[in-house]
Amino acid sequence: MTDGIRVPIDSEAHILTARQQGRSLAADLGFWSVEQTFIAMAISEVALNILQYAGKGEIILSTAQKDGTRGIVIVASDQGPGIPNVELAMQEGYSTSGGAGLGLSGAKRLMDEFDIVSEVGKGTTVTMKKWVR
Ligand SMILES: Nc1ncnc2c1ncn2[C@@H]1O[C@H](COP(=O)(O)OP(=O)(O)OP(=O)(O)O)[C@@H](O)[C@H]1O
Ligand SMILES: [Mg+2]
């Protein structure tokens, strides 16, 4: 099984690559089709944010084990402007770009675990996990 796939994000084509790699890893892990789609959607949102707010960054896809079950781990990181108020950014409808403001909250809902570490002027790292049921 493939593990620790790094996808650089600096164009829309790379978002597609990250989506496809994530979906394929999710399928290998035994996620059913709809969950593979949810995972691909969550990857799209964080990848789009990298492109939109930081210009470039990377997504690392890997696997993990917890309580005897396997899961997918998605780490999306950039060295962009950072998020001044993560709690606010996580709220549905909050957008600094005139967007829908549903990317982060939507991705959180689609995954089992969701964590953002961000520092203004340093960058942002979003870590998401989903476990095979
Ligand atoms: N990687 C990032 N770097 C800097 N700021 C970010 C990053 N990701 C998100 N943000 C900030 O968090 C806000 C909320 O992000 P979210 O993805 O939920 O909504 P959006 O991108 O504004 O709109 P949508 O994703 O619905 O098109 C963004 O408007 C932006 O200010
Ligand atoms: Mg967004």
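ALA100 passes every criterion in (1) without any contact (Cβ under 8 Å) to a residue 12 or more places away in the chain; (2) touching a helix residue (DSSP H, G or I) at 6+ places or on another chain (Cβ under 8 Å) apart from (2). Residue count for the stretch 101-123, restricted to those that are within 10 Å of ligand 2 (Cβ to nearest atom) and touching a strand residue (DSSP E or B) at 6+ places or on another chain (Cβ under 9 Å): 2.
Among the residues of the stretch 46-78, just one is within 12 Å of ligand 1 (Cβ to nearest atom), surrounded by fewer than 15 Cβ atoms within 10 Å (Cβ to Cβ) and under 23 Å from GLY4 (Cβ atoms), namely LYS56. Scanning the stretch 103-126 for residues that are among the hydrophobic types (A, V, I, L, M, F, W, C), within 19 Å of ALA40 (Cα to Cα), free of Cβ contacts under 8 Å to residues at least 40 places away in the same chain and open to solvent by 30 Å² or more (accessible area, probe 1.4 Å) yields one hit, PHE114. Residue-level check: of (1) farther than 11 Å from LEU61 by Cβ; (2) of a type outside the set (Phe, Trp, Tyr); (3) open to solvent by less than 70 Å² (accessible area, probe 1.4 Å), ILE43 misses just (1).
The values are calculated or read from the model by the stated rules, or taken from the named source; none is laboratory data. Fair warning: this is a prediction, and the values are worked out from it, not measured in the lab. Backbone-built Cβ (ideal geometry, glycine too); neighbour counts: all protein chains shown. These accessible areas exclude ligands, DNA and RNA; they are computed on the full protein's heavy atoms, side chains included. Shrake-Rupley method; radii C 1.70, N 1.55, O 1.52, S 1.80 Å.
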